[in-house]
1. Near F149, within a Cβ-to-Cβ distance under 10 Å, what is the net charge of the other residues, with Lys and Arg +1 and Asp and Glu -1?
2. May I ask which residue of A53, Q154, L171 lies farthest towards the positive end of the charge dipole of segment 41-177, with charges of +1 (Lys, Arg) and -1 (Asp, Glu) on Cβ and the Cα centre as origin?
3. Could you give the length gained on full extension between E129 and F80, defined as 0.36 nm per residue of separation minus the Cα-Cα distance, in nm?
4. If r is the Cβ-Cβ distance from N97 to S43 and R0 is 30 Å, what FRET efficiency results, to the nearest 0.05?
5. Would you please name the chymotrypsin sites (Phe, Trp or Tyr not before Pro) within segment 60-129 that are DSSP coil residues with at most 13 other C-beta atoms within 10 Å of their C-beta?
Amino acid sequence: MKPAFSLFGPAAATVAVLALAACQNSSATRLSYVDTNPGYSRSIVQYAASGAAMPLEVRGATPGIPAPAVAAGMRLPGWFEPKPFALAPVESAPSGNYRVVVVINPDRPVGARSVCGDAGGIGTAPGPELKLQAAFCAGGEVLSQATAFVPNTQAGTPAFQDALNQITLALFPSRNPIFDDDRRPNRLRFGGLING
């Protein structure tokens, strides 16, 4: 049995990355929801980006935030090979319909399954602040998801770039925080994490 502190490492690493991003954040961007599903892995991200770029779909683009500007502002975190994001379809993209879907200002709460499904049916409407809902998808399956809010801004501003940076850090952790190093699920127990 591993010591409790070594089992706490994966969760602590994820929290540390998000805390570091928040500390370096000079804008008012806030992540309101982040989730990583059991199917997520670093190798899947590398596979998804093995074509010319990481495929991207953008819904709800506005005159101040065109879809190409979202693609230009997104990049994988530094623990992955640098790859641009490009609006789908992407040349030589691998099978499996891997892509990132970003919905700008959804007009109602939308589940990530809907985002990875038929995102074209999601309505959008401006609000008092900019809402970005994003999911990393494999076909209709959600591998990771994040939602960010930022004061209304436009593409090309530091605040908008910061929001994209925080979304990609949340969508693409260096490893799946659900599992320990042996790919066994971590379970929370009083006093620390144990393996299930």
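1. Charge balance near F149 sits at +1.
2. Positive-end residue among those listed: L171.
3. Here the answer is 14.6 nm.
4. Efficiency for this residue pair is about 0.95.
5. For chymotrypsin sites (Phe, Trp or Tyr not before Pro) across segment 60-129 that sit outside H, G, I, E and B with at most 13 neighbouring Cβ atoms in 10 Å, the list reads W79.
Only the coordinates and a few stated rules stand behind these numbers; no lab work does. Everything numeric here is computed off the predicted structure, so don't read it as measured data. Neighbour counts run over all protein chains shown; Cβ positions are idealised from the backbone, glycine included.
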